[in-house]
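Structure first, then comments.
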Amino acid sequence: MMKYFFLFFLFLSGISLSGRSWYLSPDGNDGSSGEAPENALKTIQRAMELARAGDSILLLPGTYSGTNALQDRHGMANQPITIRSFSGDPHKFAIIDGMSEPSSDASGEGFVLRQCSWINLENLVFRNCWTHVIQLYDSPYISIRGCHFSTGKRIIHAIGHDTHHTLVEYCYVRHPDAVWKGWSWESLHHGEVGYYNGALLHPNASGGGHIMRYNTIVNMFNAFRTRPKSIVEDGNIEIYGNYLVNIRDNEFEPESFAWNMHYYHNDHINIHKMFSIDGVEGGNIYIYGNTYTQTTDPWAMEEISGIFKYKNGPITSPCYAFNNSYYTEAKVLRLGESTNHLLKHWNNAYEFFSGSSNFVLSAWQPGFEFDYDCINQDWPEVIHEKNQEKHGLANTLPGFTSGIDGQFALGDNSPCRDAGKIVELPEFDWVQSYEGSAPDIGAFEGNTRIDGPAFRFVPSPEGAFYKERPRISKHKVEDQQVRLFFSGPLDSTTFDREDLILYQNGEKVTINTLTFDKMGYSVLLQCDLLLSYDNLTLDWINRPIGNNGQELTDWGSSISPQRHL
């Protein structure tokens, strides 16, 4: 994870974005032109008055004190206004200091954005920001990239129906060690240090559509939590590629309502309870390809609780948990909590390093499905009684390379190879791919993380607060082909191969043919040379249009846009 983190900084530091650049310094003067470092402005507010869509506001090294309050400031689709450190060296990032002591009542935020849109915050260090760090009020298409946080309760607090499409990626968050080992859970939950009871991304009755990916999160109380009032809020979420260490409470906690949430390819070390899907209505929820390592020190043995908090119903659409790998002594459902239902639990691999009845499950609920899982203990009695796990492997070690070291690829002689269920999700027209005679059990297919369905925007039964701008939610590369998957269907008549320019290592790739699927959710590009995932970028001459009339956007794309010097 850290390798990708620093590569991101190097990528940004070597590129000049299109548009004008405005320079800031703590010693600057808002009466200056701001057009060169020697004529730097002093405040972000003044720079935003001057900036237009596509411009960059570059913060010279130093400390910028106080809250940056912005209102009614806008970039444009695919031409955001970017506020970032001038230097790509993390040791020289600009510091945003909210000048606030830790408190649950403080108002010393780093940024407060109201009715803003298409703004990027990149490569900034945040200190002394309480209660929140970045507050977003009715502000869509805000991206937070490569930032460092050591402060704040709800670090990114996304509020209001018009706040949708918040992207949080390549950030590094570390709260004090005492959040994990020191302060009591009670004092953190609602006690004297309750100002740490928050999350990196906390949507609050927002429009949804958020992405949290490739972040490193250490010593937090929670990592992702929502606070909706209706099932139409806070849905259509993607959380993937994150590295999470020492989470004291719930890592993934949608509250009350959840809709179309995808949680995949995340790596975890020491999580009190990973998935809190308790008293949640809605669905579907997709949890796959994740790994979890629990250390064996006494503190972790005492503090780790369980995998699923699934006590109270009524989730109304399935929660799919498939192809995840665990090295732990935690209970799968802590006390057998199972008044909720519709958990589809397939192809998961557990190595319990202590205990004898960790796959605890008590009262059975309609809609439960357990099969093709592997555990190194016996199944609980209710699994036998309900004729579940017909193809599961009990009293069998999964054969991880080294679970204690977070290495979950299967050994050559693993009984989990070619022993899994072929998962099918008709709502995505998706059938699990695999090598051999059947999928492997666990988070890896061979030595590669298992594949999953590409994200698609799905409005809740009550509708949505916005029209989805299609984006590239996923891409797959194989030999001379690349398939692009879109969050919403495209009108294929608006997509011409001459309009898309693909680059490999900065060199143009010739696209010979393109073929759409029948629904417009993906297109296959046949190219003139071998491709790889590394350094693959793209640019558009004319952008295709979705079936809903919305233009395709670079926001949240799984392929980076080509940036021009």
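Rounded, prolate or oblate, given the Cα gyration tensor of segment 143-198, with a/c below 1.5 counting as rounded? It comes out oblate by the Cα gyration axes.
Here's the picture: a label point sits 7 Å out from the Cα of residue 354 along the beta-carbon direction, and within segment 277-318 the residues with their amide nitrogen under 18 Å of it are 293-307. Inter-label distance, residue 371 to residue 89: 5.9 nm, where each label sits 7 Å from its Cα along the C-beta direction.
The relative contact order of the chain comes to 7 percent, based on Cα pairs under 8 Å that sit 6 or more residues apart. Using 0.36 nm per residue and subtracting the Cα-Cα separation, the extra length available between residue 364 and residue 296 on full extension is 21.4 nm. Between segment 464-479 and segment 51-66, the C-alpha centres lie 30 angstrom from each other. Can you classify segment 6-152 as rounded, prolate or oblate using the Cα gyration tensor, where a ≥ b ≥ c are the square roots of its eigenvalues, rounded means a/c under 1.5, and otherwise it's prolate if a/b beats b/c and oblate if not? It is rounded, given that a/c, with a ≥ b ≥ c, falls under 1.5.
Each stretch of four or more DSSP H residues adds -39500 (n - 2.57); spread over every residue of the chain, this sum gives -1500 deg cm²/dmol at 222 nm. The lysines whose alpha-carbon is closer than 28 Å to the alpha-carbon of residue 344, local same-chain residues fewer than 8 away aside, are 229, 273, 309, 311, 331, 386, 390, 421, 474, 476.
Positive contributions from Lys and Arg (+1) and negative ones from Asp and Glu (-1), summed over other residues with Cβ under 10 Å from the Cβ of residue 206, come out at -3. Taken along its principal axes, the alpha carbon cloud of segment 472-561 reaches lengths of 33, 24, 21 Å, longest axis first. A full extension of the chain between residue 501 and residue 560 corresponds to an added length of 20.0 nm, given 0.36 nm per residue minus the alpha carbon distance. In units of the compact-protein estimate 2.2 N^0.38 Å, segment 304-386 shows a Cα radius of gyration of 1.00. Compared with the dominant principal axis of the Cα atoms in the chain, helix 2-13 is inclined by about 20°. A straight line joining the Cα centroids of segment 275-299 and segment 117-161 runs 25 Å. Arranged from fewest to most other beta-carbon atoms within 10 Å of their beta carbon, 82, 163, 295 become 295, 82, 163. Of the three principal axes defined by the Cα atoms of segment 462-504, the extents in descending order read 42, 21, 15 Å.
With 0.36 nm allotted per residue and the present C-alpha distance subtracted, the residue 407-residue 35 stretch has 128.9 nm of extension available.
Is segment 340-443 best put as rounded, prolate or oblate by its Cα gyration tensor, with a ≥ b ≥ c the root eigenvalues, rounded for a/c under 1.5, and otherwise prolate when a/b is larger than b/c, oblate when not? It is oblate, given that a/c is not under 1.5 and a/b is not larger than b/c. Give the percent of DSSP beta bridges with both residues in the chain that are antiparallel, rounded to the nearest 5. Taking every DSSP beta bridge with both residues in the chain, the antiparallel ones total about 25 percent.
Only the coordinates and a few stated rules stand behind these numbers; no lab work does. Note that the structure is a prediction, hence the values are computed from the model and not measured. Cβ: placed from backbone, ideal geometry, glycine included. Neighbour counts: every protein chain shown.
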